Amino acid sequence: MPVDFSGTWNLISNDNFEGYMVALGIDFATRKIAKMLKPQKVIKQDGDSFYIHTTSTFRDYSLQFKIGEEFEEDNKGLDNRKCKSLVTWENDKLVCVQTGEKKNRGWTHWLEGDDLHLELRCENQVCKQVFKRA
Ligand code: YOG
């Protein structure tokens, strides 16, 4: 059985989100608001097609992609830098490489017990988030 990330997930921990936002060049005032947020993720997975909607009281971000198909990502409302993104399976992990102005940018999702894990990477910073089913 392949992994299924589908569901509604609430953030329960957010390690080094500050460092990740600094690496992305997010200004101080925006970081102050952003680090108070408890975003929710809604994931819809249909085979190798994904829809990931990250919502919060401040901003929303949605992403649609297919495994193995590179796409243009605009990061609108985040750092607004365009990049080329590619998501692949690495065993049961969903790995995204975001090629653009920022080095070493990308993220990895995986399931651990009942939790959804997300590692966000930019330059030399790693943010680690954990979500529980809503
Ligand atoms: O998820 O790319 O699940 O897209 C990363 C925020 C904060 C806005 C959130 C809004 C990066 C201000 C998306 C937070 C910081 C700070 C809720 C993470 C940038 C700006 C939207 C992400 C992937 C994997 C799918």
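3J(HN,Hα) couplings calculated from phi for the range 14-30 with the Karplus curve 6.51 cos²θ - 1.76 cosθ + 1.60 (θ = phi - 60°) are, in sequence order, 8, 8, 6, 5, 4, x, 5, 5, 4, 4, 7, x, 6, 5, 4, 4, 5 Hz; Gly and Pro show x. Our analysis of the range 10-54 gives Rg over Rh at 1.09, with the two radii drawn from alpha carbon positions and Rh computed by the Kirkwood formula. Other residues with beta-carbon under 11 Å from the beta-carbon of T8 carry, at +1 per Lys or Arg and -1 per Asp or Glu, a net charge of +4. For W89, W107, the sequence from fewest to most other C-beta atoms within 10 Å is W89, W107. Using Cβ point charges alone (K and R +1, D and E -1), the dipole size of the chain about the Cα centre works out to roughly 520 debye.
Karplus-based coupling profile of the range 68-84, in residue order and whole Hz: x, 10, 5, 9, 7, 10, 9, 6, 5, x, 9, 9, 6, 8, 7, 8, 9, with θ = phi - 60° in 6.51 cos²θ - 1.76 cosθ + 1.60 and x standing for Gly or Pro. Taking each residue as 0.36 nm, the span from H117 to S49 lengthens on full extension beyond its C-alpha to C-alpha distance by 22.6 nm.
Note that the range 41-48 has calculated 3J(HN,Hα) couplings of 10, 10, 10, 10, 10, 10, x, 9 Hz, one per residue in order, obtained from phi through the Karplus relation 6.51 cos²θ - 1.76 cosθ + 1.60 (θ = phi - 60°); glycine and proline are x. Answer with one residue from V22, L116, F65: the one whose Cα lies farthest towards the positive end of the charge dipole of the chain, charges on Cβ with Lys, Arg +1 and Asp, Glu -1. Toward the positive end, the furthest listed residue is V22. Counting only Cβ charges, +1 for Lys and Arg and -1 for Asp and Glu, the dipole size of the range 35-109 around its Cα centre is about 460 debye. Over all orientations, the range 7-133 has a Cα convex hull whose mean projected area works out to 7.1 square nanometres.
Per residue of the chain, the DSSP helices (runs of n ≥ 4 H) give a summed -39500 (n - 2.57) that works out to -2500 deg cm²/dmol at 222 nm.
Each reported figure results from applying straightforward, stated rules to the coordinates on display, with no laboratory input. A quick note: this is a predicted structure, and the numbers were derived from the prediction, not measured. We place every Cβ from the backbone using ideal geometry, glycine too, and count neighbours over all the protein chains shown.
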